Amino acid sequence: MTLHISDDQAMDAVVASRPETDAIDNAWYVGRREQVLRRVLATPHVNQPAAPARPPRATRWGLVAAAAALLAAGGLFAQMLAPIGNPGSPQAAQALDRLAAAVPATPVIPNGSYELTVYEDAGIAESDNGPDAYATTRSTWTAADGWAWAHQTGDEPAYYIFSPAPRNYDLNAVTADPAVMETYLRARVTGSSSVEEALFEAVKETLIFTPTPAATRAASIRMLARVPGVTVTENTTDPKGRPATKVALVDEQHRPGVVNAIYLDPATTQLVAELGTQNGQPYYTCIYTERRIVKSLPDDIIKTLGADRIEKSIP
């Protein structure tokens, strides 16, 4: 049986099959954009004979109908490309391996207790009126299962209850192996100016999340050795002068002049500070001023937020 459709019907089929903007964004994530660009640039150019400026009408609508059939068959945006990446230097890998070896084997937060962390951050955010400076202090009480109660003061003061999932893709969901983690993240990361920056941010969030299992924490640190642009400085100090190992990302292609650095306690691998600079000038700082285990939530936190594990935000 042969199905005949008009030109208008063919065009309607294409329009109806067109994906929504959100679907395109999800499918054409930053990792895939970089992968396609690298493959195109790596493909030898072959001269092709010039195509007609405008195909005959029958051919043009035949192509439209074929495109409609392809979309209906499903899956223009479903394909996944193999991850591409180059390993880092042996020196960086060795330094990161030494850092990963320092990860404590036992859980940091005992059951029934909380880890209290306090950090101060300051930076410049873009607003409708241009660059806007801000400064906040946040106290967070994290339980052993990852639920966290927080109180932020300074700009945009608020109370929060956060669920256990890290703010980026959860590396606890995959095998604690650097290569597996890299593949997992390259297929999913979004929201950064490059894949390398997104990988760096994902590891940072994993390290910030104290309940991350020891094996996952160590593997995520080692994974950074596979990320181009990552450098490691041992036996240095953080912006407050405390002993630290500095792990930094430089991406001159996408963010020239910008250095994003995290500072880790070499004895525990806990994050003690973050520093972002552009052309040598700080544009973001985050300093952890307190980290200790406490037995219970403060009374004002319970009064404002309650003790139930329900995500919440109260200005």
| said: Taking the alpha-carbon distance from K204 and a cut-off under 25 Å, which lysines remain once sequence neighbours fewer than 8 residues away in the same chain are dropped? | reply: K240, K246, K312
| In whole Å, what is the distance between the alpha-carbon centres of the range 205-273 and the range 126-175? | 19
| message | Are there any trypsin sites (Lys or Arg not before Pro) in the range 257-307 that are in a DSSP loop and have at most 15 other Cβ atoms within 10 Å? List them by number. | response | K295
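A short reminder: the numbers here are calculations on the coordinates, not readings from a lab. Source: prediction; values computed, not measured. Note that we place each Cβ from the backbone using ideal geometry, even for glycine, and neighbour counts take in every protein chain shown.
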